[in-house]
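Chemist: Before anything else, here's the structure in question.
The values are calculated or read from the model by the stated rules, or taken from the named source; none is laboratory data. All of these numbers come straight from a predicted model, not from anything done at the bench. Virtual Cβ from ideal backbone geometry, glycine too; neighbours counted across all protein chains shown.
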Amino acid sequence: MLDLLLKTLSSLKEPAILWRLFIPFLASIILVSVLGYGLFGVFLFSDMVTGNPMVMDATTWTTETEQAIGAIPVVGTVLLWIATAVFAVVVGVLGFLLGSYLILLFAMIITGFMTDSIVKVIHDKHYPNVDYQGHGTMLGMLGKMLKFGLLLLLLFLLTFPMLFVPLINIIWFWLLGFLFFRYALTLDVGQVILPEKMFNEIKGLKAWSPTLVLGLLFLLSTFPLLGLFAPVFGVIALSHYYFDYLSTMTKSTDSDL
């Protein structure tokens, strides 16, 4: 893991990498500000949401529950204060994570358009003697990502009650986001560099070195500004890992012959 981190950081000295690093940063800020928070805010306070029967019923139930608990002498006030504090913390943390995920998602989309060029820079600088030929198509990759994303969404909905359990909700929400982050970057970079058979051999979570590095990058992405750089770092790290693996397998094949 440490070796892969050092290789990733050393690649940042390349001008061709540096200017690509800031493209997701600038573009994501603009897109998130205009499309993300702006449209989400309009949608959240629109009549379609505020006038929805389910939302109105939930609001009424919440108000009646607060009044019932608050009517209990002494204990009711304490319970209401504790419940309000816990709810505020949970909503605040999940809202922060959701905002970070939104920024990260835009950065991943933008970085996806630069994957081929980043891989080429890493190859030409560090692995010029390693031939590479990927597999699959862009449409096929997008289909796999969509399918995996929908499966994670279904899993999220099935485990929704876990979001009300302090600490567990944060870990679970982070884990779901990490699984998609890792799957998307691994598929994106792997299809550019490796043949399908070789990619299937090392794409799993048991490839600890890239998994741990991507986990660290995703952990840092909970800070919104760092999240804008995480996908590019991830592409660089995976490029090094896959080229190292490809060069090792090529040497092994040549020696067998």
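Chemist: Could you list, in sequence order, the residues of region 108-127 that are in contact with an Asp or Glu (Cβ under 8 Å, 6 or more places away or on another chain) and small (G, A, S)?
Modeler: The one that is in contact with an Asp or Glu (Cβ under 8 Å, 6 or more places away or on another chain) and small (G, A, S): G112.
Chemist: Sticking with this one: I'd like to know if region 146-153 contains one or more residues that are modelled with pLDDT of 85 or more, of a type in the set (D, E, K, R) and within 24 Å of T222 (Cβ to Cβ).
Modeler: First pass over region 146-153, keeping only residues modelled with pLDDT of 85 or more: 146-153.
Among the residues that remain, those that are also of a type in the set (D, E, K, R) are: 147.
Cutting the leftovers down to within 24 Å of T222 (Cβ to Cβ) gives us none.
No.
Chemist: Of all residues being surrounded by 14 or more Cβ atoms within 10 Å (Cβ to Cβ) and closer than 14 Å to P231 by Cβ in region 13-30, which is modelled with the highest pLDDT? Just the residue, please. Step through it out loud before you land on a result.
Modeler: Quick first cut of region 13-30, residues surrounded by 14 or more Cβ atoms within 10 Å (Cβ to Cβ) only: 14, 16-17, 20-21, 23-25, 27-29.
From what's left, closer than 14 Å to P231 by Cβ: 17, 20-21, 23-25, 27-28.
Details: I17: 84, R20: 81, L21: 78, I23: 78, P24: 73, F25: 69, A27: 74, S28: 65.
Once the filter is applied, the top-ranked residue is I17.
Chemist: With more than 23 Å from L21 (Cβ to Cβ), surrounded by 14 or more Cβ atoms within 10 Å (Cβ to Cβ), of a type outside the set (S, T, N, Q) and at pLDDT below 85 as the only criterion, which of G76, G70 stands out?
Modeler: Of the residues listed, the single one that is more than 23 Å from L21 (Cβ to Cβ), surrounded by 14 or more Cβ atoms within 10 Å (Cβ to Cβ), of a type outside the set (S, T, N, Q) and at pLDDT below 85 is G76.
Chemist: Those residues that are under 13 Å from D244 (Cβ atoms) and part of a helix (DSSP H, G or I), I need them from region 192-212; list them, please.
Modeler: Within region 192-212, the first condition is being under 13 Å from D244 (Cβ atoms), and the residues that meet it are 193-194, 198, 202, 207, 209-210.
Residues satisfying the conditions are I193, M198, I202, S209, P210.
Chemist: Could you check, for region 130-153, whether at least one of its residues is surrounded by fewer than 14 Cβ atoms within 10 Å (Cβ to Cβ), under 22 Å from S117 (Cβ atoms) and charged (D, E, K, R)?
Modeler: Yes.
Chemist: Considering only residues that are assigned to a loop (DSSP other than H, G, I, E, B) and acidic (D, E), which ones fall in region 100-142?
Modeler: Taking region 100-142 as the starting set, the residues that turn out to be assigned to a loop (DSSP other than H, G, I, E, B) are 113-114, 127-137.
Scanning region 100-142 gives a single hit, D131.
Chemist: While we're here: Would you mind telling me which numbered condition in (1) out of contact with any Gly (no Cβ under 9 Å at 6 or more places or on another chain); (2) of a type in the set (K, R); (3) within 16 Å of M141 (Cα to Cα) K206 fails?
Modeler: Looking at each condition in turn, K206 falls short on (3).
Chemist: Are there any pairs, at least 6 apart or on different chains, whose C-beta atoms fall under 6 Å, with the first in region 107-129 and closer than 26 Å to T222 by Cα and the second at pLDDT below 90 and of a type in the set (S, T, N, Q), and if so, which?
Modeler: A107/S28
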